[in-house]
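Report on the following structure.
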Amino acid sequence: MAYLHCHHCHWSQDDFWEEYYNPISFMEKNYTKELLHGDLDRLIDLQTDIPFTKKVFMSKMTNREFIAKEMERKARTVRNMIYRTMEEFKQKNPERKCPNCGKKELDID
Ligand SMILES: [Zn+2]
């Protein structure tokens, strides 16, 4: 995976997508089992049960709501993604101009 971001204005997008990493594969890999077999009404504490979250939500919610929020977050990623792959980025933006500020400060980590 590679992460495209701007050193000037801090614009960024999701890691470049590939077969093994994209919003759909992420949801499928992380939530299919829980969606089919987990207790969806279990109250989860995001700070202890899901420590990798950015904790932007309230600290407790149902498992069902958490999965729904994750789907909404990934939907935003689909809407906002500009360069889906490294190849697309190189082809459409060879000068590495930031789509937000216009500076040639884009970098890939
Ligand atoms: Zn920028």
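The values are calculated or read from the model by the stated rules, or taken from the named source; none is laboratory data. This structure is a prediction, so every number in the text was calculated from the model and none was measured. Please note: Cβ atoms are built from the backbone with ideal geometry, for glycine as well, and neighbour counts cover all protein chains shown.
Looking at the range 90-109, can you tell me whether even one residue there is farther than 24 Å from residue 32 by Cα, part of a loop (DSSP other than H, G, I, E, B) and modelled with pLDDT under 95? Yes. Counting only residues that are surrounded by 15 or more Cβ atoms within 10 Å (Cβ to Cβ) and of a type in the set (S, T, N, Q), the range 85-99 holds 1 of them. The residues of the range 1-29 that are more than 16 Å from the ligand (Cβ to nearest atom) and surrounded by 13 or more Cβ atoms within 10 Å (Cβ to Cβ), listed by number, are 14, 15, 16, 17, 18, 21, 22, 23, 25, 26, 27.
Condition test on residue 48, is it at pLDDT 95 or above and β-branched (Val, Ile, Thr)? Break it down into steps so the answer makes sense when it comes.
Values: at pLDDT 95 or above: no; β-branched (Val, Ile, Thr): yes.
For residue 48, the condition - at pLDDT 95 or above and β-branched (Val, Ile, Thr) - is not met.
Scanning for something more than 20 Å from residue 76 (Cα to Cα) and either under 15 Å from the mean Cα position of the chain (by Cα) or among the β-branched types (Val, Ile, Thr) (or both), does the range 19-27 turn up at least one residue? No; the residues of the range 19-27 include none that is more than 20 Å from residue 76 (Cα to Cα) and either under 15 Å from the mean Cα position of the chain (by Cα) or among the β-branched types (Val, Ile, Thr) (or both). Here residue 37 meets each of (1) within 16 Å of the ligand (Cβ to nearest atom); (2) farther than 22 Å from residue 77 by Cβ with one exception, condition (1).
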